[in-house]
Amino acid sequence: QDPFMTDTQVSIFDQDLPQTPANHAPISPLSFIERTAEVYPHRLAIVHGDLRQDWAATYRRSRQLASALAQAGIGKNDTVAVMLPNTPPMVEAHFGIPMAGAVLNALNTRLDPETVAFMLDHGEAKAVIVDPEFAGVMKKALALRQSTRPMLVIDVEDALYTGPTEKLGSVTYEDFVANGDADFAWSLPGNEWNAIALNYTSGTTGNPKGVVYHHRGAATNAISNILEWDMPKHAAYLWTLPMFHCNGWCFPWTVAARAGVNVCLRKVDAQAMFDAMRDHGVTHYCGAPIVHGLLVNAPAAMKAGVPAGIKAMVAGAAPPASMIEGMEQMGFDLTHVYGLTEVYGPATVCPKHPEWDALDIGDRARLNARQGVRYHLQRDVRVLNPETMQPVPQDGETMGEIMFKGNITMKGYLKNPKATQEAFAGGWFHSGDLAVQYPDGYFKIKDRSKDIIISGGENISSIEVEDVLYRHPAVLAAAVVAKPDARWGETPCAFVELKADAQVTAEQIVAHCKQHLAGFKVPRAVVFGELPKTSTGKIQKFELRKQAGSAAAIDV
């Protein structure tokens, strides 16, 4: 109800002005591919090995996929799971599955069979599309399902995959699509609030939660991606970010809106990325810090001939000075974004200002490391006191919790009303990330609430310690977790992955930290080795916490 009107009043602007199909339509990213196929039918849409597929063909195949699903009895609000790398069927799934009225559940391809089985059951998937690389895991997952509901299994064949495989279903993807009607009469959802996708969080304890996306949010974030990047028509987008991760941060829909090119990549590899950039004129790509680090630390010969001006987007952790400097040396333009699965991937951005260019690399890195401000079409993001729900002072020191509200926020957690209610308490989505807000409105994460180290009653931000570790020239990756301590309760334990051929001792790392940190914040233990990471490049701190207890202490 309009808060400015009484119960008996009717606005003159509502009298005899009805909402009809002529003046109102649901917002959905499905309209993007429809328009692009009409306006730019012969523009290149997908590159994969020798395949060159235009937008007319991509739209036609998406409609065939939708038709084939409908013929199989799959329709509104039915879940269709996919276990695919960044290949053409994954692009088509983002359109064909919701065109059938169904909900796309893109599964993390690095999960174990038990977790995949849980997701298939919890999401009540009626069909699953499987790439041959993951047939082994999926076979075990299907056997582990608790549900007795029949499931349609569709096998993808890909000439670029040369490893072992086996058939799981009764039909191949190409045959399934070929049986569909290219003129399938799909329609926009009756309500833009309808679900378009189901994405599971990578929960570190207990079962993962199913995050439900709606058509309005998917379209809104896809458009915001364009606005934040000033993304031009016909951009060439390299698929380094997994499309199973927050639906590729909504970029399958973004690329369709811009009539761009999906440059597919089965595996993230520095040589393959540089080759794709040269061969296909790549203009944009996204990834976690580890992906950008692969490029920065690659041999100079591998970088030869790479186009200048490529736009890169980084999220997952703040980019350290060494990464920003390395990207600038390659001529890449790096944009720092932040978000969570619950907000469709990136929902804030750290816009750069011209005056920053005059600063030294350290100051630029400090400013660019902030999580920034809300995306164009996100209603609001604030750092609030979770107890009072009031904004914290914008002093860069007072810590609160980052909270979101607006269209770029999930419907909620599937079959979990308690978690949904808790997440939306007070009319905001609670991120669980602790941050400060600066006078210019930009905010910076200090830690996850669970990652704060409390040592002798003092709060230590693991991110602050990690920022210092990244400044050491030998450090490739770093993570800091709490180590139990009989005297202090907890002390910082640093896990460090060194650059190739780099040599440094634990004592030298500690000495470096002492130059930049208060004494109580300096790590009391340093462990060298490769850091465990998720499929999207995030460091798995829960694994490091298991190791921290046995790490050898250093006299600080």
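The values are calculated or read from the model by the stated rules, or taken from the named source; none is laboratory data. These figures come from a predicted structure and were not determined experimentally. Positions of Cβ are backbone-derived with ideal geometry, glycine not excepted, and every protein chain shown enters the neighbour counts. The protein model used for the area step is the full one, side chains on, heavy atoms only, and it has no ligands, DNA or RNA in it. Shrake-Rupley method; radii C 1.70, N 1.55, O 1.52, S 1.80 Å.
Hey, among Ala506, Ala494, Ala479, Ala511, which residue is within 30 Å of Pro85 (Cα to Cα), among the hydrophobic types (A, V, I, L, M, F, W, C) and open to solvent by less than 70 Å² (accessible area, probe 1.4 Å)?
Details: Ala506 fails: within 30 Å of Pro85 (Cα to Cα); Ala494 fails: within 30 Å of Pro85 (Cα to Cα); Ala511 fails: within 30 Å of Pro85 (Cα to Cα).
Being within 30 Å of Pro85 (Cα to Cα), among the hydrophobic types (A, V, I, L, M, F, W, C) and open to solvent by less than 70 Å² (accessible area, probe 1.4 Å) holds for just one of Ala506, Ala494, Ala479, Ala511, which is Ala479.
State yes or no: is Glu114 farther than 30 Å from Tyr413 by Cβ, among the acidic types (Asp, Glu), part of a helix (DSSP H, G or I) and out of contact with any Gly (no Cβ under 6 Å at 6 or more places or on another chain)?
Values: farther than 30 Å from Tyr413 by Cβ: no; among the acidic types (Asp, Glu): yes; part of a helix (DSSP H, G or I): yes; out of contact with any Gly (no Cβ under 6 Å at 6 or more places or on another chain): yes.
Answer is no for this residue.
Looking for whichever is touching a residue at least 24 places away in the same chain (Cβ under 8 Å), open to solvent by 10 Å² or more (accessible area, probe 1.4 Å), within 16 Å of Pro29 (Cβ to Cβ) and among the basic types (Lys, Arg) here; the options are Arg258, Arg278. Which one fits? Outline the logic, then answer.
Values: Arg278 fails: within 16 Å of Pro29 (Cβ to Cβ).
Exactly one residue qualifies, and that residue is Arg258.
Could you count how many residues in region 514-531 are closer than 21 Å to Lys541 by Cα, among the basic types (Lys, Arg) and surrounded by fewer than 17 Cβ atoms within 10 Å (Cβ to Cβ)?
So the count comes out to 0.
When you check Leu142 against the structure, is it open to solvent by 60 Å² or more (accessible area, probe 1.4 Å) and either within 28 Å of the chain's Cα centre (by Cα) or among the acidic types (Asp, Glu) (or both), yes or no? Full working, then the answer.
Details: open to solvent by 60 Å² or more (accessible area, probe 1.4 Å): no; either within 28 Å of the chain's Cα centre (by Cα) or among the acidic types (Asp, Glu) (or both): yes.
Criteria not met by Leu142.
Can you name the condition, by its number, that Gln329 falls short on among (1) buried (at least 20 other Cβ atoms within 10 Å of the Cβ); (2) more than 17 Å from the chain's Cα centre (by Cα); (3) not hydrophobic (A, V, I, L, M, F, W, C)?
Failed condition: (1).
Return the total of residues in region 185-204 being closer than 15 Å to Arg63 by Cβ and either open to solvent by 70 Å² or more (accessible area, probe 1.4 Å) or aromatic (Phe, Trp, Tyr) (or both). Break it down stepwise before answering.
Pass one, region 185-204, residues closer than 15 Å to Arg63 by Cβ: 185-188.
Narrowing further to those that are either open to solvent by 70 Å² or more (accessible area, probe 1.4 Å) or aromatic (Phe, Trp, Tyr) (or both): 185-187.
Counting residues in region 185-204 that are closer than 15 Å to Arg63 by Cβ and either open to solvent by 70 Å² or more (accessible area, probe 1.4 Å) or aromatic (Phe, Trp, Tyr) (or both) gives 3.
Kindly indicate whether any position in region 409-429 is without any contact (Cβ under 8 Å) to a residue 60 or more places away in the chain, in contact with an Asp or Glu (Cβ under 7 Å, 6 or more places away or on another chain), closer than 20 Å to Gly339 by Cβ and crowded, with 17+ Cβ neighbours inside 10 Å.
As a first pass, look at region 409-429 and keep what is without any contact (Cβ under 8 Å) to a residue 60 or more places away in the chain: 417-418, 420-422, 424-428.
Those still in the list that are in contact with an Asp or Glu (Cβ under 7 Å, 6 or more places away or on another chain) too: none.
No, region 409-429 contains no residue that is without any contact (Cβ under 8 Å) to a residue 60 or more places away in the chain, in contact with an Asp or Glu (Cβ under 7 Å, 6 or more places away or on another chain), closer than 20 Å to Gly339 by Cβ and crowded, with 17+ Cβ neighbours inside 10 Å.
Pull out all pairs, ordered by first then second residue, where Cβ-Cβ is under 6 Å, the residues are six or more apart or on different chains, the first lies in region 350-364 and is under 22 Å from Leu469 (Cα atoms) and open to solvent by less than 90 Å² (accessible area, probe 1.4 Å), and the second is modelled with pLDDT under 90 and of a type outside the set (Ser, Thr, Tyr).
Sorted first by the residue in region 350-364, then by its partner, the pairs are Ile361/Ala321; Ile361/Glu325; Gly362/Ala321.
Could you identify the single residue in Pro164, Pro189 that is modelled with pLDDT under 95, assigned to a loop (DSSP other than H, G, I, E, B) and farther than 16 Å from Leu65 by Cα?
On the way: Pro189 fails: modelled with pLDDT under 95.
None of the other options fit; the residue is Pro164.
For region 297-319, give me the residue count where each residue is crowded, with 20+ Cβ neighbours inside 10 Å and either among the charged types (D, E, K, R) or in a helix (DSSP H, G or I) (or both).
Here the count works out to 0.
Take region 167-184 and flag every residue that is open to solvent by 80 Å² or more (accessible area, probe 1.4 Å) and either without any contact (Cβ under 8 Å) to a residue 12 or more places away in the chain or not in a helix (DSSP H, G or I) (or both). Even if it seems obvious, please write down each step before you answer.
First pass over region 167-184, keeping only residues open to solvent by 80 Å² or more (accessible area, probe 1.4 Å): 167, 170, 174-175, 179, 183.
Answer for region 167-184, where residues must be open to solvent by 80 Å² or more (accessible area, probe 1.4 Å) and either without any contact (Cβ under 8 Å) to a residue 12 or more places away in the chain or not in a helix (DSSP H, G or I) (or both): Lys167, Ser170, Asp175, Asn179, Asp183.
Has region 20-37 got at least one residue that is open to solvent by less than 10 Å² (accessible area, probe 1.4 Å), free of Cβ contacts under 8 Å to residues at least 60 places away in the same chain, touching a helix residue (DSSP H, G or I) at 6+ places or on another chain (Cβ under 9 Å) and among the polar types (S, T, N, Q)? Spell out the reasoning first.
Of all residues in region 20-37, those open to solvent by less than 10 Å² (accessible area, probe 1.4 Å) come to 28-30, 33, 36.
Retained after the next criterion (residues that are free of Cβ contacts under 8 Å to residues at least 60 places away in the same chain): none.
No, there is no match, as no residue in region 20-37 is open to solvent by less than 10 Å² (accessible area, probe 1.4 Å), free of Cβ contacts under 8 Å to residues at least 60 places away in the same chain, touching a helix residue (DSSP H, G or I) at 6+ places or on another chain (Cβ under 9 Å) and among the polar types (S, T, N, Q).
Just give me the residues in region 463-476 being open to solvent by 10 Å² or more (accessible area, probe 1.4 Å) and assigned to a strand (DSSP E or B), in sequence order.
Leu476, the sole residue that qualifies.
Of the residues in region 67-87, how many are open to solvent by less than 10 Å² (accessible area, probe 1.4 Å), in a helix (DSSP H, G or I) and farther than 12 Å from Ile154 by Cα?
The number of residues fulfilling the criteria is 1.
Which condition breaks for Gly432 when tested against (1) open to solvent by less than 30 Å² (accessible area, probe 1.4 Å); (2) in a strand (DSSP E or B); (3) at pLDDT 95 or above?
Answer for Gly432: the failing condition is (3).
Residues to consider are Gly432, Gly441; find the one that is farther than 24 Å from Arg545 by Cβ and of a type in the set (Gly, Ala, Ser). Let's see the steps before the verdict.
Values: Gly432 fails: farther than 24 Å from Arg545 by Cβ.
After applying the criteria, what remains is Gly441.
Name the residues in region 235-248 that are open to solvent by 10 Å² or more (accessible area, probe 1.4 Å) and aromatic (Phe, Trp, Tyr), would you? Give the steps one after another, and end with the answer.
As a first pass, look at region 235-248 and keep what is open to solvent by 10 Å² or more (accessible area, probe 1.4 Å): 242, 244-245.
Result: Phe244, single match.
Just need a number here: residues in region 365-387 that are open to solvent by 80 Å² or more (accessible area, probe 1.4 Å) and assigned to a loop (DSSP other than H, G, I, E, B).
Residues meeting the conditions: 3.
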